[in-house]
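Quick notes on the structure that follows.
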Amino acid sequence: MSADCIFCKILAGSIPAKTLYEDDEVIAFHDIRPLAKVHFLIVPKAHIETLKDCTTAHQALLGKMMLLAAKLAAEQGLVGYKAVMNIGREGGQEVFHIHLHVYGGGPAA
Ligand code: 5GP
Ligand code: ZN
């Protein structure tokens, strides 16, 4: 938990989010500025800043995030979609709490 982190605030319930899925390790919620008709984020509950901070200790968690992307995408009716992680400021990352974007279904309304 990091006091200044927007995703930690969502995890703590102090900022609302449209949650699709939650368990003891991860949460998934819809992106506030969707890039497509369906756009959600899969976020681990642990505050890990970027993929660059991950080690083999995070291997199972990262695999779980990918498989959850496929499961939730199917539940959202997506046939094809993107699963993207932005890494570092130069990689387009704005929120420094690791997350996997999943989006598809055509342009956002
Ligand atoms: P990044 O650029 O770090 O990979 O993506 C961060 C994503 O978080 C962006 O797509 C942005 O729209 C989303 N986001 C930022 N703040 C909030 C928020 O308060 N609620 C939700 N649901 N999404 C957010
Ligand atoms: Zn955080």
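The values are calculated or read from the model by the stated rules, or taken from the named source; none is laboratory data. This structure is a prediction, so every number in the text was calculated from the model and none was measured. Backbone-built Cβ (ideal geometry, glycine too); neighbour counts: all protein chains shown. Just the protein is used for accessible areas: all its heavy atoms, side chains included, with ligands, DNA and RNA removed. Shrake-Rupley method; radii C 1.70, N 1.55, O 1.52, S 1.80 Å.
Per-structure values
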{"quantity": "Residue ID - nearest to ligand 2 (Cβ to nearest atom), chosen from residues in segment 49-77 that are touching a residue at least 40 places away in the same chain (Cβ under 8 Å) and in a loop (DSSP other than H, G, I, E, B)", "calculated": "Glu49"}
{"quantity": "Filtered residues of segment 8-47 (kept if open to solvent by 70 Å² or more (accessible area, probe 1.4 Å) and touching a Gly at 6+ places or on another chain (Cβ under 9 Å))", "calculated": "Lys37"}
{"quantity": "Residue within segment 35-44 that is within 27 Å of Pro107 (Cβ to Cβ) and without any contact (Cβ under 8 Å) to a residue 12 or more places away in the chain present", "calculated": "no"}
{"quantity": "Pair list, Cβ < 6 Å and 6+ apart or interchain, from segment 1-27 residues that are more than 14 Å from Leu41 (Cα to Cα) to residues that are of a type in the set (Val, Ile, Thr) and within 13 Å of ligand 1 (Cβ to nearest atom)", "calculated": "Lys9/Ile15"}
{"quantity": "Glu94 being surrounded by fewer than 17 Cβ atoms within 10 Å (Cβ to Cβ) and away from ligand 1 (no atom under 14 Å from the Cβ)", "calculated": "no"}
{"quantity": "Of all residues making up segment 83-109, the number that are over 17 Å from Tyr21 (Cβ atoms) and without any contact (Cβ under 8 Å) to a residue 24 or more places away in the chain", "calculated": "7"}
